[in-house]
1. Just the residues that are crowded, with 18+ Cβ neighbours inside 10 Å, among the polar types (S, T, N, Q) and modelled with pLDDT of 95 or more, please, taken from segment 302-327.
2. Would you confirm, using the coordinates I've provided, whether G59 is of a type in the set (G, A, S) and closer than 30 Å to P255 by Cα?
3. Somewhere in segment 170-182, is a residue part of a loop (DSSP other than H, G, I, E, B), at pLDDT below 95, of a type outside the set (K, R) and touching a Phe, Trp or Tyr at 6+ places or on another chain (Cβ under 8 Å)?
4. Just checking, does segment 158-169 include any residue being more than 30 Å from Y109 (Cβ to Cβ), in contact (Cβ under 8 Å) with a residue 60 or more places away in the chain and touching a Leu at 6+ places or on another chain (Cβ under 8 Å)?
5. Could you say whether any residue in segment 447-465 is touching a Pro at 6+ places or on another chain (Cβ under 7 Å), crowded, with 20+ Cβ neighbours inside 10 Å, touching a residue at least 60 places away in the same chain (Cβ under 8 Å) and among the hydroxyl-bearing types (S, T, Y)?
6. Tell me, please, whether a residue that is within 30 Å of V532 (Cα to Cα) and touching a strand residue (DSSP E or B) at 6+ places or on another chain (Cβ under 8 Å) can be found in segment 353-374.
7. Open to solvent by 40 Å² or more (accessible area, probe 1.4 Å) and not in a strand (DSSP E or B), is that true of G154?
8. For I345, which of the numbered conditions (1) in contact (Cβ under 8 Å) with a residue 40 or more places away in the chain; (2) over 13 Å from E387 (Cα atoms) fails to hold?
Amino acid sequence: MIKNLRYLMIAVLACLGMGNAFAGVITFGDLGLENGVQYADPFDGGDFTVTFAGGANDGKYYNTGAGIRVYGGGTMTIAAKEGTLKKIVITFDGTNKPTDNNVVDGGSYDAASGTWTGDAASVVFTRPSGSGHWRVKQISVGDDAVTPEKPTEGQKPEEALTVARALEIIADLENGKTTNDAYYVKGKVVEVTYVSTTISFTMSDNGSAENTITVYSAKGLENKNVTDQNFLKAGDDVIVVGVLQKYVKNETVTPEVSSGYVYSVNGDTTPEEIPEPVVEGGKTPETAITVAAAIAAINTMRDNQVSKDSFYVKGIVTAVTEISVANGNATFNIADNAEAEAFLIAYRMHGLQKKNITDENLLKVGDEVIICAQLQKYVKNETATPELTKGYIYSLNGVTEEEVPPIELTGDGSQENPYTVADLQAMPVPANTAAEEGQEMVWVKGFIAGSLNSSGSAILEEAVASNIGLAATAGETDATKMIPVQLPANTEVRTALNVLDNPVNVGKEVLVYGYILKYMSKTGLKNVANAVLDGQEVTGITEVKAGSEQNIIFNLAGQRMMNAQKGLYIINGKKVMK
């Protein structure tokens, strides 16, 4: 009875135009999701949806942490089905969470409590670039959303739990579950079992092999990658911080501290200063060092140490291991000459001008290259390999800039001569998702093909009202040949164009008026303010707020053109240069 009354009140308030997404909770660990599987379609939380987008790993669910992961540059969009969001509380796994409040596109976010407040139809959380990831365990929306209660013990290094107490907490967990919060735990190292950029070891209260807890894949001091393979040994006094987990595999229970780092070793909280390799030259392309000089410097480094500085290294390509267009990088070997035995592995290098590699045949054996990258002494299974890492190809056979071919556009963005779907697909993907002051809206023509999933990779079987896929021809079913068009909430444009309420729109030609922006990781159209369907003009929104990070379109001598890095565009047969 109370539940029905609550739903009745929601309906009444909605009719009165209160505009609030009232309630809903998604706990990802309770959804029966498959481990290691990426989920791109929206999750339904009752009055809201949440969609993960970004690279190949964003949106993947893992049992470790029982959450969905968001990596550098990935996004999590929480959207009200009707009305607006007022309050969101997000529970993350341990230390795998935002540390900055500036990760949202609007409203106010408090990283300490995981609470967002504001008034918006949708909120986009974007993880900053760099290593690591977020682990999203639960999302709660509405006035009833409550920040999870913090434990009163083990939340400070000076009040660290004993191993015995940590084992008690873990014993009360369900199999496979973790604590919502991270704890500090102190003890003595029993055995180091694995070291790379992270470290795994066992510890107990007295250093004996009884009543141990496993510290799994922890980062080093100051939550940084482990660079000294010998920084921990049996008998060391340590304090670690991470979530407590009751890990189960093959019916064997292992109590663990995971998703954390080593806070202190024998009282020290600051990593030992590791000397940088001494390199003569290599700071500019003109003073690029040889492969032999780079290897000599790497040999003086500690196991798995990465130099802080980048160096220019020149050589000849002697083998191409992989060119990944999907990841935009290449792995290959370089030596001082074709006969040299000593070589460097250039690991996952980006292309010229630090751009993603788009040509599978970019490199071949015998090419002359200059690489700008950090030096690394990579060690695995007690074998040291000299590498170049975190870098790019500065020059290839003397060429330092990738030639950008002219892009021929059919339209000019006006209502009389709108851009086509092919025009937008030919344009580079914009850097940002929000328009800025002075950016112009444009007209685009195409055929409504359906509504797309969050990555724009497929037409949804069950349509949604938030977007449409625009195709060059009627009847197109391949989403890769479409551009995504956002239909803003609470507008006549959404009411008129969306295929959830208007399935007869599929196959119809339409003109839409909006901003060319990054949408669903593609070049798309957002903030659509007007449209023409069946010859009938649809008025959408009267004001579109612009951001401040992007300049995609501007006027020059009356011509609209794209602001590419060094772009040459042809509009109606006339060349236009930036």
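The values are calculated or read from the model by the stated rules, or taken from the named source; none is laboratory data. This structure is a prediction, so every number in the text was calculated from the model and none was measured. Backbone-built Cβ (ideal geometry, glycine too); neighbour counts: all protein chains shown. The protein model used for the area step is the full one, side chains on, heavy atoms only, and it has no ligands, DNA or RNA in it. Shrake-Rupley method; radii C 1.70, N 1.55, O 1.52, S 1.80 Å.
1. Across segment 302-327, the qualifying residues are S310, T318.
2. Taking the combined requirement at face value, the residue satisfies it.
3. Taking segment 170-182 and keeping what is part of a loop (DSSP other than H, G, I, E, B), we get 172-177.
From what's left, at pLDDT below 95: 172-177.
So of that shortlist, the ones also of a type outside the set (K, R) come out as 172-176.
If we keep only those that are touching a Phe, Trp or Tyr at 6+ places or on another chain (Cβ under 8 Å) as well, we get 176.
So far as segment 170-182 goes, yes, one or more of its residues are part of a loop (DSSP other than H, G, I, E, B), at pLDDT below 95, of a type outside the set (K, R) and touching a Phe, Trp or Tyr at 6+ places or on another chain (Cβ under 8 Å).
4. Scanning segment 158-169, I find at least one residue that is more than 30 Å from Y109 (Cβ to Cβ), in contact (Cβ under 8 Å) with a residue 60 or more places away in the chain and touching a Leu at 6+ places or on another chain (Cβ under 8 Å), so the answer is yes.
5. Yes, that holds for at least one residue.
6. No, segment 353-374 contains no residue that is within 30 Å of V532 (Cα to Cα) and touching a strand residue (DSSP E or B) at 6+ places or on another chain (Cβ under 8 Å).
7. No; evaluated as a whole, the condition is false for this residue.
8. (2)
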